[in-house]
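First the structure, in the form of structure tokens, and then the observations on it.
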Amino acid sequence: MKNIITLSAVIIVLMIFPLQYAMEQHNNHNLSMLQVYVNNAKEKAKIAGYFTPEIIDELKTNLLNVFDNLNEADIIINVTTTPKYRKNVYDERELIHYRIEVPIKKVLATPTFWGLSEADNQYKYVIENYTTSELLP
Amino acid sequence: MKPLIVGLALAILYTSFMIYQQDNNQFIRALEDLKYVADECSDSASLFYNTSQFGKGKKTFNQIEGKKAIKDILKKNLNLDDTLTPLPGGYWTETIEYDVYFFDDSNTTFPYLFTDPKTSYSKTLTEPTVIVTVNAGKPRFRLSFLNPSDAIRSSAYEYESSKF
């Protein structure tokens, strides 16, 4: 009887780990998809010379489909929205800038066990890069 | 007592696995990002070409402007200083090394078989091409007994002429 009680307590503590493995894989999948969608949007923006409203809307739609606990206001997209042009010499002023911030709202699968609040159990994932424009003047 | 000891041992094992899982996932994402940066470098370098040679029907890359673009893109996208050493806050910790190869009408007869000396990847080039190989050094793994190799990613951008 004593062994059963001890084992039950130990199993409850050990269950934290498989739950965390699953949460980590879930978050990793979402972040990988975020990388893919941002890169696709960037490739379209290179050809257009800037992030057009259509590119931004498509990116938001794709991200909302991947992240099931986000709404549109959570995704912060700060990108170049005026045309940049391809020139014969390298000019860093003609780079297209993009910064996408997405909150990861569940880092730990069992936050209450560790005494964490919902606000402590999240962080912002940021992708910020530059790309050259292929738009001819 | 025995279940408690076994439980503690399992907890240590599970924690080690969790650490490896997080580090490996982070490494795979950083490697994918490195590939995107290599793509961006080769693409950007291929945008600059010698216009007077182009007017004579020869595609010759402007290597000076191309190399400027590559270095600046690496600095901005991998968060590096002027010596290509990572600034605090990024994933990579070692100085970034890169190689760039320009194959165009001024120095190459096509088709040409290119073999990357670092990755042994080979590609038959049929058109003017810029190839960039970036070595970002060792990834971050907290389990000290792991000995990962350097993260190297390569990208080629080819100028495709119109075919009628």
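Can you find even one residue in segment A:60-76 that is surrounded by fewer than 17 Cβ atoms within 10 Å (Cβ to Cβ), charged (D, E, K, R) and closer than 25 Å to B:A45 by Cβ?
no
When you scan segment A:87-117, how many residues do you find that are of a type in the set (S, T, Y), within 13 Å of chain B (Cβ to nearest Cβ) and more than 30 Å from A:T61 (Cβ to Cβ)?
Final tally of qualifying residues: 2.
Scan B:K118, B:K75, B:K58 and give me the residue that is within 10 Å of chain A (Cβ to nearest Cβ) and either in contact (Cβ under 8 Å) with a residue 40 or more places away in the chain or open to solvent by 40 Å² or more (accessible area, probe 1.4 Å) (or both).
Every option except B:K75 fails the conditions.
Residues that are under 22 Å from B:N25 (Cα atoms), among the β-branched types (V, I, T), touching a helix residue (DSSP H, G or I) at 6+ places or on another chain (Cβ under 8 Å) and buried (at least 18 other Cβ atoms within 10 Å of the Cβ): does segment B:150-161 have at least one?
Within segment B:150-161, none of the residues are under 22 Å from B:N25 (Cα atoms), among the β-branched types (V, I, T), touching a helix residue (DSSP H, G or I) at 6+ places or on another chain (Cβ under 8 Å) and buried (at least 18 other Cβ atoms within 10 Å of the Cβ).
Filter segment B:14-44 down to the residues that are more than 9 Å from every other protein chain (Cβ to nearest Cβ) and either of a type in the set (A, V, I, L, M, F, W, C) or not in a helix (DSSP H, G or I) (or both) and list them by number.
B:I19, B:F27, B:A30, B:L31, B:L34, B:A38, B:C41
Please work out which residue is farthest from the other protein chains (Cβ to nearest Cβ), limiting yourself to segment A:118-137 and to residues that are surrounded by fewer than 15 Cβ atoms within 10 Å (Cβ to Cβ) and more than 21 Å from the chain's Cα centre (by Cα).
Looking at the filtered set, the residue picked out is A:P137.
One line per residue, one yes/no per condition, for (1) of a type outside the set (A, V, I, L, M, F, W, C); (2) in a helix (DSSP H, G or I); (3) closer than 23 Å to A:I76 by Cβ; (4) more than 8 Å from chain B (Cβ to nearest Cβ):
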position: A:A9; (1), (2), (3), (4): no, yes, no, yes
position: A:I12; (1), (2), (3), (4): no, yes, no, yes
position: A:L19; (1), (2), (3), (4): no, yes, no, yes
position: A:Q25; (1), (2), (3), (4): yes, yes, no, no
position: A:N30; (1), (2), (3), (4): yes, yes, yes, yes
position: A:L34; (1), (2), (3), (4): no, yes, yes, yes
position: A:N39; (1), (2), (3), (4): yes, yes, yes, no
position: A:A45; (1), (2), (3), (4): no, yes, yes, yes
position: A:I56; (1), (2), (3), (4): no, yes, yes, yes
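The values are calculated or read from the model by the stated rules, or taken from the named source; none is laboratory data. Here the structure is a predicted model, which is why all the values come from computation and not from measurement. Don't worry about glycine lacking a Cβ; one is built from the backbone with ideal geometry, like all the others, and counts go over all protein chains shown. Areas reflect the complete protein model, heavy atoms only, side chains present, ligands, DNA and RNA absent. Shrake-Rupley method; radii C 1.70, N 1.55, O 1.52, S 1.80 Å.
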